[in-house]
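**Q** Here it is: the structure, laid out below.
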Amino acid sequence: MSVKKPAHPTLAYSFGKRRGASVLLDRLFTGLVWGTGIIVILFIVGLLFLLLEKGLPQLSWNFLYGLPSEIEEGGGIGPALFNSFYVLIISLIVSIPIGIAAGIYLAEFAPNNKLIEVVRICVEGLSSVPSIIFGLFGIALFVEFFEIGLTILGAAISLAFLNLPVLTRVTEESIRAVPVELRNASFALGSTHLQTIRRVLLPVAMNGIMTGICLTAGRAFGESAVIILTAGVSTSGEMWDFNLLSPGGTLAVHLWYVQSEAIVPDAQEIAQKTTAVLIIVALLINIVFRVPLWLNERKNKA
């Protein structure tokens, strides 16, 4: 009967030493990750507290629905707030279908050649172009070429141009991230390419696409450079002005104007309250887009 020889003590000691070092490094890395996460969360919470502590308690319906004042104190942000939502909705109506369609084409139909690679590089480059460049493009197109002046329409279309590259790339990458087994299974069941895209690829990629839409919507709502150049810094003075050719000063532009050029006595107070409204609306935009996804995930798990 053969008896196994015990492992060499030197090898056993070396293995135990390496394992102990690995456990120590793993714990250090875990602590580093947790510490970094906690610091980031505390920083965000502290930043939100500093921005909201003065403006949020002073918010009122009169401020949200009131008309702005150029000289007297107590003015509101009603027209600017309405223009912000109006411009945002129009820009999303234009950019979401085109951006998603372009992303689907690049992911599913575009041939794999140098021309398409150049197109992808150009789209990625446009994603990082400063927004003021799109504002200058809006001036050249709507103010100088079409001669319609500073309008809500020009601002909305310019914002749509700003959002298109991001939506296109996010849609393409989200669809490419769908496991190929799902695509093959759909084809094996007799589905057409269009049915596969509509019933398999888009539902699976919807989380990534909605993330891109949230990012672009938040960016568009808080954008000021494009709005100043294409819609101006003023409003029509009416609360519910749906005229696309009216001036389209938004909430972000109003905040810049109050902080830099306004002569009203309570300019600082208006700026603080406007900042609070901007932050709250940006958070609500993310919640509005995310809630349907959360409900859908819970439904699928059930």
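The values are calculated or read from the model by the stated rules, or taken from the named source; none is laboratory data. Everything numeric here is computed off the predicted structure, so don't read it as measured data. Quick reminder, even Gly has a Cβ in these numbers, built from the backbone with ideal geometry, and neighbours come from all protein chains shown. Keep in mind that these areas ignore ligands, DNA and RNA; they rest on the heavy atoms of the full protein, side chains included. Shrake-Rupley method; radii C 1.70, N 1.55, O 1.52, S 1.80 Å.
**Q** Of the numbered conditions (1) modelled with pLDDT of 90 or more; (2) within 24 Å of residue 234 (Cβ to Cβ), residue 62 satisfies every one except a single condition; which is it?
**A** Of the numbered conditions (1) modelled with pLDDT of 90 or more; (2) within 24 Å of residue 234 (Cβ to Cβ), the odd one out for residue 62 is (1).
**Q** Of all the residues that make up segment 117-136, how many are open to solvent by less than 40 Å² (accessible area, probe 1.4 Å) and under 20 Å from residue 83 (Cβ atoms)?
**A** Looking only at that region, the number is 3.
**Q** Consider residue 44 carefully, then state whether it is open to solvent by 30 Å² or more (accessible area, probe 1.4 Å), of a type in the set (Val, Ile, Thr), under 30 Å from residue 271 (Cβ atoms) and in contact with a helix residue (DSSP H, G or I) (Cβ under 7 Å, 6 or more places away or on another chain).
**A** So residue 44 fails the test.
**Q** Mind listing whichever residues of segment 90-128 are without any contact (Cβ under 8 Å) to a residue 24 or more places away in the chain and within 30 Å of residue 274 (Cβ to Cβ)?
**A** 93, 128
**Q** Residues being polar (S, T, N, Q) and at pLDDT below 85: count how many of those fall in segment 260-285. Full working, then the answer.
**A** Going residue by residue through segment 260-285, those that are polar (S, T, N, Q) are 260, 268, 272, 274-275.
Cutting the leftovers down to at pLDDT below 85 gives us 260.
Residues flagged as polar (S, T, N, Q) and at pLDDT below 85 within segment 260-285 amount to 1.
**Q** Might you let me know whether segment 268-283 holds any residue that is among the acidic types (Asp, Glu) and crowded, with 17+ Cβ neighbours inside 10 Å?
**A** Here is the first cut: in segment 268-283, the ones among the acidic types (Asp, Glu) are 269.
Keeping just the survivors that are crowded, with 17+ Cβ neighbours inside 10 Å gives 269.
Looking for residues that are among the acidic types (Asp, Glu) and crowded, with 17+ Cβ neighbours inside 10 Å, one finds at least one in segment 268-283, hence yes.
**Q** Here's something else I'd like to know. Which pairs do you get when a residue that is closer than 16 Å to residue 92 by Cβ, found in segment 265-291, comes within reach of a residue that is loosely packed, with under 15 Cβ neighbours inside 10 Å, reach meaning Cβ atoms under 9 angstrom, with the pair 6+ apart or on two chains?
**A** Once the first residue is closer than 16 Å to residue 92 by Cβ and sits in segment 265-291, its partners that are loosely packed, with under 15 Cβ neighbours inside 10 Å give 281/85.
**Q** Same structure, new question: Take the residues in segment 233-267 that are β-branched (Val, Ile, Thr) and either assigned to a helix (DSSP H, G or I) or open to solvent by less than 30 Å² (accessible area, probe 1.4 Å) (or both), then tell me which one is farthest from residue 47 (Cα to Cα). Steps first, answer last, please.
**A** Narrowing segment 233-267 to residues β-branched (Val, Ile, Thr): 233, 235, 250, 253, 258, 263-264.
Going one step further and asking which of them are either assigned to a helix (DSSP H, G or I) or open to solvent by less than 30 Å² (accessible area, probe 1.4 Å) (or both), we end up with 250, 253, 258, 264.
Details: 250: 23, 253: 21, 258: 21, 264: 27 Å.
Restricting to residues being β-branched (Val, Ile, Thr) and either assigned to a helix (DSSP H, G or I) or open to solvent by less than 30 Å² (accessible area, probe 1.4 Å) (or both), the top hit is 264.
**Q** What's the total number of residues in segment 97-116 that are among the charged types (D, E, K, R) and open to solvent by 50 Å² or more (accessible area, probe 1.4 Å)? Lay out the reasoning, then the answer.
**A** As a first pass, look at segment 97-116 and keep what is among the charged types (D, E, K, R): 108, 114.
Retained after the next criterion (residues that are open to solvent by 50 Å² or more (accessible area, probe 1.4 Å)): 114.
Residues that pass the stated criteria total 1.
**Q** Would you confirm whether any residue within segment 73-80 is surrounded by fewer than 17 Cβ atoms within 10 Å (Cβ to Cβ) and over 24 Å from the mean Cα position of the chain (by Cα)? Can you show your working first?
**A** Let us first name the residues in segment 73-80 that are surrounded by fewer than 17 Cβ atoms within 10 Å (Cβ to Cβ), namely 73-74.
Those left that are additionally over 24 Å from the mean Cα position of the chain (by Cα): 73-74.
Yes, segment 73-80 contains at least one residue that is surrounded by fewer than 17 Cβ atoms within 10 Å (Cβ to Cβ) and over 24 Å from the mean Cα position of the chain (by Cα).
**Q** Okay, next question. Is at least one residue of segment 137-148 under 20 Å from the mean Cα position of the chain (by Cα) and either open to solvent by less than 80 Å² (accessible area, probe 1.4 Å) or basic (Lys, Arg) (or both)?
**A** If we filter segment 137-148 for residues that are under 20 Å from the mean Cα position of the chain (by Cα), which is where we start, we get none.
Scanning segment 137-148 turns up no residue that is under 20 Å from the mean Cα position of the chain (by Cα) and either open to solvent by less than 80 Å² (accessible area, probe 1.4 Å) or basic (Lys, Arg) (or both).
**Q** Identify the residue in segment 161-211 that is without any contact (Cβ under 8 Å) to a residue 24 or more places away in the chain and under 13 Å from residue 101 (Cβ atoms) and, among all such residues, is surrounded by the most Cβ atoms within 10 Å (Cβ to Cβ).
**A** My answer is 198.
**Q** Another question, if that's okay. How about segment 53-89: which of its residues are farther than 23 Å from residue 219 by Cα, touching a residue at least 12 places away in the same chain (Cβ under 8 Å) and part of a helix (DSSP H, G or I)?
**A** 58, 62, 63, 65
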